[in-house]
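A.B. asks: Can you read through this structure? Questions will come right after.
The values are calculated or read from the model by the stated rules, or taken from the named source; none is laboratory data. Predicted model only: the values in this text are computed from it and were never measured. Quick reminder, even Gly has a Cβ in these numbers, built from the backbone with ideal geometry, and neighbours come from all protein chains shown. The area values use the complete protein model at the heavy-atom level, side chains included, leaving out ligands, DNA and RNA. Shrake-Rupley method; radii C 1.70, N 1.55, O 1.52, S 1.80 Å.
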Amino acid sequence: MSPASEPTGSVAYGPSPSAMAPTPDCMTNLFNLSDCLGYVTAGSNLTKPDKPCCPELAGLVESSPQCLCLLLDKNATSSYGVDIDIDRALKLPNVCHVKTPPVSLCSTINGGAPIGVPTSGTEVSLSP
């Protein structure tokens, strides 16, 4: 029973990278939606989003739909100095003709705010 024979170097300390990954990845994805900010920011008078916004939204829904929950989390967005008008953000999928996952899925992911607008059905899954 020699202590040197035990694999002490294989023990990891602290939170695993996967436990911390969703927020930074989602923030990067949300920054890619910067062309939508003029439309969804509180106090905006725009009647439609900038032209690149809708393709960016569609790309996010396809690649990381769970990140939409973070967009509607007032605490998360305000910590970055962005004041999102939740009503306008919820209308964005309809304005862009982009189908989003059902509103109820955010609470299952992280207890966050709902995303998108209710849809009759979708093929997008928010499961990791």
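A.B. asks: Which ranges mark the helices (runs of 4 or more DSSP H) fully within the range 1-113 that have 1 or more residues being modelled with pLDDT under 85?
C.D. replies: Correct list: 17-20, 22-31, 68-71, 74-78, 105-109.
A.B. asks: Still on this model: For the range 43-53, name all the residues that are within 16 Å of residue 32 (Cα to Cα) and either buried (at least 16 other Cβ atoms within 10 Å of the Cβ) or among the β-branched types (Val, Ile, Thr) (or both).
C.D. replies: 49, 53, listed by residue number.
A.B. asks: Give the number of residues within the range 54-77 that are under 13 Å from residue 27 (Cβ atoms), among the small types (Gly, Ala, Ser) and open to solvent by 40 Å² or more (accessible area, probe 1.4 Å).
C.D. replies: Qualifying residue count for the region: 0.
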